[in-house]
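Beneath this line is the structure, given in structure tokens, with notes to follow.
The values are calculated or read from the model by the stated rules, or taken from the named source; none is laboratory data. Quick caveat, the model's predicted, so the values are computed rather than measured. Positions of Cβ are generated from backbone atoms using ideal geometry, with glycine treated the same way; all protein chains shown enter the neighbour counts. Areas reflect the complete protein model, heavy atoms only, side chains present, ligands, DNA and RNA absent. Shrake-Rupley method; radii C 1.70, N 1.55, O 1.52, S 1.80 Å.
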Amino acid sequence: MRIQIEKRLFHFRQPAGTSRGTYTTRTSWMLHATDESKPECVGVGECAPLPKLSCDDIPDYERVLREMCDVVERTGEIPYALLRPYPSMLFGLETALLSLRNGDVLFDTPFTRGEEGITINGLVWMGSFEEMRRRMEEKIDQGFGCVKLKIGAIDFDSELALVKSLRQRFSSQVMTLRVDANGAFSPLDAMDKLRQLAPYDIHSIEQPIRQRQWHEMARLCKTTPIPIALDEELIGVNSPEMKTDLLDTIRPQYIILKPSLHGGMRGSEEWIALARQKGIGSWITSALESNVGLNAIAQFTAKIYPDGLHAPQGLGTGQLFTDNIESPLHIEGEKLWYNPDF
């Protein structure tokens, strides 16, 4: 087996604002795996760490990735123990080897047969009040029944006004509303803000306070008027023992899995299995990958939730970049579909 690494720079159609700053470009490392036994086949995977967020956002990323690829070339297998600290590398290697072995269809499901779409939420990026209001209107007009609103970039009263305006137009029976604070609240004011949001029938709030404050987060989860979903909190928690400790300590209502951040496919499956044992819900989201990574995440989602594709997942739409890679995925209303004839 041989694995080549190609560094790619993608350009956002419009700046993507987060609580950690604004992205205008995105770097990914594409893996191209080949095998002498079937030289006509190429397995492709994407390694896409997020700057200042991924636990494997390291200065010598490409050197470490090359070392991990060398191990796979020598052994023909993924060294999961070595790759636990490097989830984006693991996800890229998992995808490359699956596609080398299985072709374009990583997992045979009704989704990859084109028989069933995955329900997804519409994402409203951070911005000014008017920008967020306009984006929210666009998602509603596009037919999304679940909208996720990123908050924490403008003043809270303005964000609260956006939530209120949405609820005045659509009840919770018609529109599911999620909010993502990206750790923007402080432990001192988080509960007050949760109470102010509660009258608007919020499905869940992601990461209300910054990660690594387990006891503060546990206190919020125990008394919150809005279900809390952990996202950034899971980053860097890579062993099954650490995962169990986190879930037992914090007891969140939900966890949100991004394979590039949370242990690849193998690590995400561990999280989901542990959460199910404890009565904790979950869903999967993408993390600004190109269509290569998004396609793999969507196929993985259809495999891991075979009976739950009507619960909105947080998958991208493949429309983030001006120079994205062609993809079998397309959007119809609030559903992501796979074209098996692509």
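Rounded to whole Å and sorted largest first, list the principal axis extents of the Cα atoms in the stretch 40-116.
The principal-axis extents, from largest down, are 42, 31, 22 Å.
What is the diffusion coefficient of the stretch 267-342 in µm²/s, taking the Kirkwood radius over Cα pairs and the Stokes-Einstein relation at 25 °C with a viscosity of 0.890 mPa s? Please list the in-between numbers first.
Numbers: Rh = 13.4 Å.
Diffusion coefficient, whole number: 183 µm²/s.
Okay, helix-only estimate at 222 nm for the chain: each DSSP H run of n ≥ 4 adds -39500 (n - 2.57), divide by all residues, round to 500 deg cm²/dmol; what do you get? Before the final figure, lay out the partial values.
Working: 10 runs with 119 residues, N = 342.
Calculated mean residue ellipticity at 222 nm is -11000 deg cm²/dmol.
For the stretch 1-78, just the Cα set please: Rg and Dmax, both in angstrom.
15.2, 47
How many angstrom separate the Cα center of the stretch 35-51 from the Cα center of the stretch 211-253?
34
Tell me, what is the 1.4 Å probe accessible area of VAL105, in Å² to the nearest 10?
Roll a 1.4 Å probe over it and VAL105 shows about 50 Å².
Inverting the mean 1/r over all pairs of different Cα atoms, compute the Kirkwood radius of the stretch 1-132 and quote it in Å.
Working: mean 1/r = 0.0594 Å⁻¹.
Computed over the stretch 1-132, the radius equals 16.8 Å.
Leaving ligands, DNA and RNA out of it, work out the accessible area of THR317 with a 1.4 Å probe and give it in Å² to the nearest 10.
Roll a 1.4 Å probe over it and THR317 shows about 50 Å².
Between PHE12 and SER165, what is 0.36 nm times their sequence separation minus the Cα-Cα distance? Round to one decimal in nm. Mind dumping the intermediate values first?
Numbers: separation 153, 0.36 × 153 = 55.08 nm, distance 2.84 nm.
Length gained, PHE12 through SER165: 52.2 nm.
What Kirkwood hydrodynamic radius do you get for the stretch 72-231 when you take the inverse of the mean 1/r over all pairs of distinct Cα atoms, in Å? Intermediate values should be presented prior to the final figure.
Values: mean 1/r = 0.0542 Å⁻¹.
18.5 Å is the Kirkwood radius here.
Which of TRP29, MET217, MET89 sits farthest toward the positive end of the charge dipole of the chain, with +1 on the Cβ of Lys and Arg and -1 on the Cβ of Asp and Glu?
With unit charges placed on the Cβ atoms, the residue in question is MET217.
Note the direction-averaged projected area, equal to a quarter of the hull surface, for the Cα convex hull of the stretch 194-342, in nm². Walk me through the numbers before you get to the answer.
Working: hull surface 40.1 nm².
Convex hull of Cα atoms, orientation-averaged projection: 10.0 nm².
Just to make sure I understand: if all protein chains stay in place, what is the order of ASP56, ASP35 by accessible area at 1.4 Å, largest first? Kindly include the intermediate steps, with their values, before the conclusion.
Details: ASP56 0, ASP35 45 Å².
If we order ASP56, ASP35 from most to least accessible, we get ASP35, ASP56.
If I fit a long axis through the Cα atoms of helix 61-75 and take the longest principal axis of the Cα atoms of the chain, what angle between them do I get, 0 to 90°, rounded to 10?
Once rounded, one gets 50 degrees.
Amide H neighbours of SER282 under 5 Å, counting only residues 5+ apart in sequence or on other chains, H built in-plane at 1.01 Å?
Placed amide hydrogens put ILE255 under 5 Å from SER282.
Net charge near PRO312: determine it from the other residues with C-beta under 9 Å of the C-beta of PRO312, scoring Lys and Arg +1 and Asp and Glu -1.
+1
Order these peptides, 277-286, 90-99, 36-45, 262-271, by their mean beta-carbon neighbour count within 10 angstrom, highest first. Could you put the intermediate results ahead of the total?
Values: 277-286: 18.1, 90-99: 26.7, 36-45: 13.4, 262-271: 23.3.
Top to bottom by mean Cβ count within 10 Å: 90-99, 262-271, 277-286, 36-45.
Taking amide H positions as placed 1.01 Å from N in the peptide plane, with prolines and chain starts having none, which residues 5 or more places from ILE202, or on another chain, fall under 5 Å of its amide H?
Under 5 Å from the amide H of ILE202: no residue qualifies.
Tally Lys/Arg at +1 and Asp/Glu at -1 over every other residue whose Cβ is under 13 Å from the Cβ of VAL174; what's the total?
Details: positive: ARG167, ARG169; negative: ASP201, GLU334.
Summing Lys and Arg as +1 and Asp and Glu as -1 gives 0.
I'd like the orientation of helix 129-141 relative to the chain: the angle between its Cα long axis and the longest Cα principal axis, in ° from 0 to 90, rounded to 10.
That helix lies at roughly 70 degrees to the long axis.
On average, how much area does the Cα convex hull of the stretch 229-314 cover when viewed from any direction, in nm²?
The directionally averaged projection comes out at 5.2 nm².
With the full set of protein chains in place, find how many percent of the accessible area of the chain is carbon and sulfur; take the probe as 1.4 Å.
Numbers: 7090 of 14420 Å².
About 49 percent, which is the carbon plus sulfur part of the accessible surface.
Let me have the relative contact order for the chain, percent, based on Cα pairs under 8 Å that are six or more residues apart. Intermediate results must be reported in sequence, preceding the final value.
Numbers: 662 pairs, mean separation 68.9, N = 342.
Relative contact order here is 20 percent.
Quick one: accessible area per residue over the chain, 1.4 Å probe, rounded to a whole number of Å²? Provide the component values of the computation, followed by the final result.
Numbers: 14420 Å² over 342 residues.
The answer is 42 Å² per residue.
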